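Okay, handing you the structure first.
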Amino acid sequence: MQMKTKSFFLLCCLLFVSLVIYAERPLTVRGLCLGAPAKDDVPAFVKLIDEKLAPDSVNTLVLRIDYRYEYKSHPELRADNPLSEADVKKIVAACKRHNIRVIPQVNLLGHQSWASQTGKLLEVYPQFDETPSIKLPKDYKWPNADGLYCKSYCPQHPEVHDVVFEVVDEIVQAFESDAFHAGMDEVFYIAHPDCPRCKGEDPAVLFAGEVTKIRNHLADNGKELWIWGDRLIDGKTTGIGLWEGSYNNTHRAIDLIPKDVVINDWHYEKPHPTPVLFAAKGFDVIICPWRIPDVAVKEAAMMKMLRENASDEMRPRYAGIMHTFWSDARTFIDGMNNTTEKGKNDPSVQTFKELVKVW
């Protein structure tokens, strides 16, 4: 009896120690998402990778490129002062030095405009616009009349994927990446009555169809798809709201898209526990803070707690955390180096600095 008691005590000790060790392991994905640096800032950005990001244990870098690259397949879509292939290779080389996974992002479906500024895709190809009747005059100020600000392309236009997939393939190849981030957040205009192809359609089916089409195209080339998760959350039932969740019924697409799509679950004001939703549906999920240090720290702790208490099936799906920075890359560089008051005092820079202490 005494031997059994000792054995049970030892087993409990081992279990406790293993749980503590597991809880203290760093999160699998320790990521940063920010806009690609301006051409002149590439050397400073490479230095930042070497001297700040790598020592801070960043192992995943999502760079928002959109059309700020010298695309050869579609030069008409190049933004002003785009990055060259040589610029990109300098960033890629720095990431390779430190085993940082770099993933390029081009916004697909939504975010084809910003307030009064139409994005390059719809500027060059206005026939792809889901809402051609909604005009964006140059003197128009955000928010738009309906309180929203980002147009969508029509996912059912017969020529849109011929263009965007060539862009996707080129940027993924330039970054030598095994994944691509398609954005797909804040898709407010979908199945719109102005669209001759999409009006009357089910928004969830349309959204899921676009995710699946992009995923399948990438999978054919051995690449992984990452997207933001807000359109897959019922914003009304959860109370999360219009921006971090969906009010236009796209949330039902969560049951219609392939399970190997990686979900970036962004929450900026509160650490909503929605990673459980995505993991329970079979997705790998990465939680994403922004500019409130306390929220970022709590989200990191939550992901560790979820992994500690999850089943063997669910545990790997809690994939980690990724900080999102939405100002220009120069501000981030300056903030990390403490070279300007603007950068040093930026709340998102401060949030990142607190996050790296705990992840």
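The values are calculated or read from the model by the stated rules, or taken from the named source; none is laboratory data. All figures in this text were calculated on a predicted structure; none of them were measured in a lab. Here the Cβ positions follow ideal geometry from the backbone for every residue, glycine too, while neighbour counts run over all protein chains shown.
From Pro193, Pro258, grab the single residue that is in contact with a Lys or Arg (Cβ under 6 Å, 6 or more places away or on another chain), surrounded by fewer than 17 Cβ atoms within 10 Å (Cβ to Cβ) and modelled with pLDDT of 95 or more.
Pro258 is the lone residue from the list that is in contact with a Lys or Arg (Cβ under 6 Å, 6 or more places away or on another chain), surrounded by fewer than 17 Cβ atoms within 10 Å (Cβ to Cβ) and modelled with pLDDT of 95 or more.
Return the only residue of Phe325, Phe283 being crowded, with 21+ Cβ neighbours inside 10 Å and within 18 Å of Cys33 (Cα to Cα).
From the options Phe325, Phe283, the qualifying one is Phe325.
Scan Thr339, Thr331 and give me the residue that is within 20 Å of Asp50 (Cβ to Cβ) and part of a loop (DSSP other than H, G, I, E, B).
That would be Thr339, the only listed residue that is within 20 Å of Asp50 (Cβ to Cβ) and part of a loop (DSSP other than H, G, I, E, B).
Name the residues in segment 253-280 that are among the small types (Gly, Ala, Ser) and either closer than 21 Å to Cys33 by Cα or touching a residue at least 40 places away in the same chain (Cβ under 8 Å) (or both), would you? Working first, answer last.
Looking only at segment 253-280, we keep the residues that are among the small types (Gly, Ala, Ser), and these are 253, 279-280.
Within segment 253-280, just Ala253 meets the criteria.
So, Lys353, is that one assigned to a helix (DSSP H, G or I) and under 26 Å from Val46 (Cα atoms) or not?
Here the answer is yes, as Lys353 does meet what is asked.
Could you please give the count of residues in segment 172-196 that are in contact (Cβ under 8 Å) with a residue 60 or more places away in the chain, not in a loop (DSSP other than H, G, I, E, B) and not hydrophobic (A, V, I, L, M, F, W, C)?
2
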